[in-house]
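The values are calculated or read from the model by the stated rules, or taken from the named source; none is laboratory data. All values reported here derive from a predicted model rather than from experimental measurement. Positions of Cβ are generated from backbone atoms using ideal geometry, with glycine treated the same way; all protein chains shown enter the neighbour counts.
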């Protein structure tokens, strides 16, 4: 392959990155005055059933349930169902200690998170179904802040603002920035009706939507994304709240993060293949921009790897280039790259303005931007390798 072809690939990837960055910046500029807006509370207090699927969560289940019981939502209208999915530790015992406080605890043979959620939905009596991961906890006002987003009849699901617990090390510090950045991005997607995930840590659904489109897919390891994409396929709407907080446990080690993201990316690949029908004008910006660009981005990652290897092995290595020669090696592609980097930094710092109370370290934002491209490439390589070797995905490996 000659250099001109490599250059064509390089410019194609750069154009894609610049296009995506510019698109989201334009969405932000158009809606920036309404990002923090929340629908007015109208006194609506439906019965809510919170389903807590749990597998080996002995150390977290009490904190999770205490947060629900400490909510400012009326106790008589809050049903809590813990579904122990065949845990091997004392999760069931810890959960049963809350039965005297009105929590309903069920035990079933291990069959995965989606089956546990469906098991709970079948036994729930609430008008609204909420799903809360056992390693997560909500704040006192989280439920009340989410409910007003259901004021619009076409809205069938609402997501909370998923944040990380206080970080203990560098890996968790990076994830804290990532989660905040994701919140900001997901909020923007609301304005173009393109939210395509209802995060497991805490999301709410109208119960009737499960009767119409079915429950969570038990064969899908990324069930929170799959159900959201299925909701979108029925042309219903999903909204995201910036001020309804839920805090979740995140991996402490790089290996734990790699395993988690490998699973997420593999699940994402399966869901993208399953919902290619969402690509097209029938689904608005989701179908014409977000979904197509998501698929193209995967190919772009491998194009970047190819181009990097080509330059490393077939051109002059930077270590042997003096400063004068280096200046001659600078071309428009580098200028585009720097432009994208600066726009991305500006973009993330703009998002951070909505989360000043989270104590984000500006240095960590820069480190996140610089390192993320390498990390996501590694995650995708791991996901593709495990797909090719057909390694089984499980909730336990989660």
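Screening 210, 216 for residues that are over 19 Å from residue 136 (Cβ atoms) and either buried (at least 19 other Cβ atoms within 10 Å of the Cβ) or in contact with a strand residue (DSSP E or B) (Cβ under 9 Å, 6 or more places away or on another chain) (or both) leaves exactly one candidate, 210.
Residue 111: surrounded by fewer than 19 Cβ atoms within 10 Å (Cβ to Cβ) and under 28 Å from the mean Cα position of the chain (by Cα), yes or no? Spelling it out, residue 111 is indeed surrounded by fewer than 19 Cβ atoms within 10 Å (Cβ to Cβ) and under 28 Å from the mean Cα position of the chain (by Cα). Of the residues that make up region 248-257, is at least one surrounded by 19 or more Cβ atoms within 10 Å (Cβ to Cβ), touching a strand residue (DSSP E or B) at 6+ places or on another chain (Cβ under 7 Å) and under 30 Å from residue 34 (Cβ atoms)? Checking region 248-257: at least one residue is surrounded by 19 or more Cβ atoms within 10 Å (Cβ to Cβ), touching a strand residue (DSSP E or B) at 6+ places or on another chain (Cβ under 7 Å) and under 30 Å from residue 34 (Cβ atoms). Number of residues in region 228-245 that are closer than 14 Å to residue 188 by Cα and either free of Cβ contacts under 8 Å to residues at least 40 places away in the same chain or assigned to a helix (DSSP H, G or I) (or both): the value is 0.
Counting only residues that are part of a helix (DSSP H, G or I) and surrounded by 15 or more Cβ atoms within 10 Å (Cβ to Cβ), region 13-45 holds 13 of them. Against the definition (in a helix (DSSP H, G or I) and closer than 20 Å to residue 232 by Cα), how does residue 185 come out, yes or no? It is true that residue 185 is in a helix (DSSP H, G or I) and closer than 20 Å to residue 232 by Cα.
The condition of being under 12 Å from the mean Cα position of the chain (by Cα) and part of a helix (DSSP H, G or I) holds for residue 180. Screening residue 138 on (1) touching a helix residue (DSSP H, G or I) at 6+ places or on another chain (Cβ under 6 Å); (2) surrounded by fewer than 21 Cβ atoms within 10 Å (Cβ to Cβ); (3) over 24 Å from residue 231 (Cα atoms) shows it passes everything except condition (2).
Of all residues in region 380-398, those that are closer than 11 Å to residue 264 by Cα have Cβ atoms under 7 Å from Cβ atoms of residues that are modelled with pLDDT under 85, 6 or more apart or on another chain, in 380/298; 380/301.
When you check residue 173 against the structure, is it within 19 Å of residue 57 (Cβ to Cβ) and at pLDDT below 95, yes or no? For residue 173, the condition - within 19 Å of residue 57 (Cβ to Cβ) and at pLDDT below 95 - is not met.
Yes/no matrix, rows are residues, columns are (1) in contact with a strand residue (DSSP E or B) (Cβ under 7 Å, 6 or more places away or on another chain); (2) at pLDDT 70 or above; (3) outside any helix (DSSP H, G or I); (4) more than 30 Å from residue 255 (Cβ to Cβ):
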{"position": "319", "(1), (2), (3), (4)": "no, no, no, yes"}
{"position": "334", "(1), (2), (3), (4)": "no, no, no, yes"}
{"position": "343", "(1), (2), (3), (4)": "no, yes, no, yes"}
{"position": "353", "(1), (2), (3), (4)": "no, yes, no, yes"}
{"position": "376", "(1), (2), (3), (4)": "no, yes, no, no"}
{"position": "385", "(1), (2), (3), (4)": "no, yes, no, no"}
{"position": "396", "(1), (2), (3), (4)": "no, no, yes, no"}
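Looking at region 200-209, can you tell me whether even one residue there is touching a helix residue (DSSP H, G or I) at 6+ places or on another chain (Cβ under 6 Å) and at pLDDT 95 or above? Checking region 200-209: at least one residue is touching a helix residue (DSSP H, G or I) at 6+ places or on another chain (Cβ under 6 Å) and at pLDDT 95 or above.
When 130, 95, 36, 124 are checked against the criterion of being modelled with pLDDT under 95 and in contact with a strand residue (DSSP E or B) (Cβ under 7 Å, 6 or more places away or on another chain), 36 stands alone in meeting it.
Residue count for region 186-221 under the criterion of being farther than 23 Å from residue 52 by Cβ and free of Cβ contacts under 8 Å to residues at least 24 places away in the same chain: the result is 1.
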